[in-house]
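Q: Here it is, the structure, as structure tokens.
No lab work stands behind these numbers, since they all come straight from the coordinates. If you're wondering where the values come from, they're calculated on a predicted model, not measured in any experiment. Here the Cβ is made from the backbone with ideal geometry for all residues, glycine too, and neighbour counts use every protein chain on show.
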């Protein structure tokens, strides 16, 4: 029937409403539904030209869609997704496609894929990054799940996604929860990227005593080089924003208590579950917890001595070293993120295209940056690359920036400026190059107190021994 709609959007808060508008702006006929009618009315008032078909009940909404029905859920992760699916299920038919475009935890997506497959419904976990602006103008989209559904939704999703050099920032990721897993790793990298930038800000403000105007100029200059990206761009702008409620700059009036929604935490848990070292990502999550506890830190500031060591500081050299440290630490963070993707491929047998994933993140998403082209090139050179640090280009980049990386990390520690993600990234780099680690002592301790046995350097791997330490 000609009056049936091509695509359904369920959940019309800011992200869902903007995604529906994005679809309509690209010529798709869109049906919309929300549990409460108020948000539907608000969307219709905001975009009367879109020609949405607005429906009050799940039955009317599903019935208005052309077969196979294509519905994307833009609701809060967790119970709301399951409730939405349960509400639509009686009206769906085998072959219909349901997509979850929220920040769902990948194990939930795996479960939903399997449960709905038993009913003949094709389910996709679709990671979407880019916030409100991206949803409206072109996000990065990471779809995974039932691959038979991909050819049917690809023309639509790739049309509304961001495009870089004519290439859509949307492509097939893999089966079951692969799309949401990749989105989770994206968010973990985002946490670390933001923390590295915040630590650079702390070093400039508290270590070098620079004002916002000077810091804004520094970040603008950095954004013209290897560090160029969305987060660097908006940070430079943040330094210049006037306080709308008074004199001075807004940044200085914002309480240092950052929030979080938990997706970075999931990345840290996944690293622990797969045994993948991702300390800089985890440090970023832990530091956000610590920063959020303002009262605790105020008591600590009153009770704990700084013990800082004053050292002669040449500001120009220190800023140059900070730029080198930020770039080198960023390489280490992305190496940890892509190591997590490699661990997921091994754990879940999801065939992942690492270079392709880097391309998906070049536009629309929060971590979009020039640097991602270099990651794509590394995986084109060697699709089986063991670790991003081992790529020739990144080895050379690290070698060139390593002295400044070390000097900056030491300078931050001497000045008492907390830089856990920067320091953790350096420790990760040094751990990756330690041909003889201190792990032999830990093995000796474990055998001493628990008879857990150990291997010897002069015997084949897998052969274990126990010593009578007393």
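Q: Specify the angular offset, from 0 to 90 degrees and rounded to the nearest 10, of the alpha carbon long axis of helix 439-450 from the longest principal axis of the alpha carbons in the chain.
A: Taking Cα atoms only, the helix is inclined about 90 degrees.
Q: May I pose another question? Rounded to the nearest 5, what % of the DSSP beta bridges within the chain are antiparallel ones?
A: Once the DSSP bridges in the chain are tallied, antiparallel ones form about 35 percent.
Q: Only Cα pairs under 8 Å and at least 6 apart count here; give the relative contact order of the chain as a rounded whole percent.
A: About 13 percent, as a whole number.
Q: For region 7-176, treating each Cα as an identical point scatterer without solvent, what Debye log10 I(q)/I(0) comes out at q = 0.10, 0.15, 0.20 1/Å?
A: Log-scaled intensity ratios, in q order: -0.32, -0.75, -1.44.
Q: I'd like to compare 431-440, 406-415, 359-368: which one has the highest average count of other Cβ atoms within 10 Å, and what's the full order after that?
A: Highest-to-lowest ranking by the protection proxy: 359-368, 406-415, 431-440.
Q: Tell me, rounded to the nearest percent, the portion of alpha carbon pairs in the chain spaced more than 35 Å apart.
A: Roughly 40 percent, once rounded to a whole number.
Q: Taking the Cα atoms only, what angle lies between the long axis of helix 150-160 and the longest principal axis of the chain, rounded to 10 degrees?
A: 80
Q: A further question on this structure: At 0.692 mPa s and 37 °C, plugging the Kirkwood radius over alpha-carbon pairs of region 178-276 into Stokes-Einstein gives what diffusion coefficient in µm²/s?
A: Once the numbers are plugged in, D ends up at 214 µm²/s.
Q: Here's something else I'd like to know. Given the peptides 457-468, 252-263, 22-33, arrange them by the average over their residues of other C-beta atoms within 10 Å, most packed first.
A: Result, highest mean first: 22-33, 252-263, 457-468.
Q: Still on this structure: Where a ≥ b ≥ c are the square roots of the eigenvalues of the C-alpha gyration tensor, would you call region 366-466 rounded, which needs a/c under 1.5, or, failing that, prolate if a/b is larger than b/c, or oblate?
A: Judged from the Cα gyration tensor, region 366-466 comes out oblate (a/c at least 1.5, b/c at or above a/b).
Q: Still on this structure: Indicate, rounded to the nearest 5 percent, the antiparallel portion of the DSSP beta bridges found entirely in region 54-175.
A: Taking every DSSP beta bridge within region 54-175, about 45 percent pair in antiparallel fashion.
Q: Roughly speaking, what is the stretch gain from residue 396 to residue 260, that is 0.36 nm per residue apart minus the C-alpha to C-alpha distance, in nm to one decimal?
A: Between residue 396 and residue 260, full extension yields 45.5 nm more.
Q: May I pose another question? Take the alpha carbon gyration tensor of region 216-264, find the square roots of its eigenvalues, order them as a ≥ b ≥ c, and report rounded if a/c is under 1.5; if not, report prolate when a/b exceeds b/c, else oblate.
A: It is oblate, given that a/c is not under 1.5 and a/b is not larger than b/c.
Q: Kindly identify region 210-340 as rounded, prolate or oblate by the Cα gyration tensor criterion: order the square roots of the eigenvalues as a ≥ b ≥ c, call it rounded if a/c is under 1.5, otherwise compare a/b with b/c, prolate if a/b is larger, else oblate.
A: Rounded, since a/c falls under 1.5.
Q: Let me ask something else about it. Can you give me the angle between helix 279-292 and the longest principal axis of the chain, using Cα atoms only, in degrees from 0 to 90, rounded to the nearest 10?
A: 80
Q: Still on this model: What 222 nm value per residue comes from the helices of the chain, counting each DSSP H run with n ≥ 4 as -39,500 (n - 2.57) and dividing by all residues, nearest 500 deg cm²/dmol?
A: That calculation yields -17000 deg cm²/dmol at 222 nm.
Q: Now for a different question. Please grab the % of Cα pairs in region 183-432 that end up more than 28 Å from each other.
A: Roughly 32 percent, once rounded to a whole number.
Q: Hey, what did region 7-176 get for relative contact order, percent, Cα under 8 Å, at least 6 apart?
A: Computed value for region 7-176: 20 percent relative contact order.
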